[in-house]
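Below: the structure, in structure tokens.
Quick note: the coordinates plus some simple rules give every number you see, no bench work behind them. Nothing here was measured: the structure is a model prediction, and the numbers come from that model. As a convention, Cβ positions derive from the backbone with ideal geometry for all residues, glycine included, and neighbour counts pool all protein chains shown.
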Amino acid sequence: MSEGDKAPQLPENLFNSLLSSSGRADLLLLFHRNPGLIDTVEGIARRMGKKGKAIESDVSELAKNSILQKKKVGNSDVYFLNREKDAEAQRDIANYITNLGGKKKS
């Protein structure tokens, strides 16, 4: 396969943060269905029927990649959807998928 035949690359951090865990997909679904949601890890977990420790690493990974934002409220860290970064991620994924369809096999 020549260099021109390779599939376009999806940004690595985006792939890792969104597609490598069903827990992250569940979190994104929750925040998309509740776009104004602002809650602690424990509160988010409760909404998902899980324990806080079960989703902590997924929340942290999404925050590290700016899909979720973290803010200090009193003594608690709360998380909410970064709508701008989320929209950017959706555009990147859509462009990636569109470009895959445009690639011709030799």
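Data for the structure
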quantity: Distant-in-sequence amide H partners of residue 68 (H built 1.01 Å from N, under 5 Å); calculated: 63, 82
quantity: Net +/- balance of residues flanking residue 78 in space, Cβ distance below 11 Å, scoring K and R +1, D and E -1; calculated: 0
quantity: Volume per residue of the C-alpha convex hull in the range 37-106, rounded to whole Å³; calculated: 119
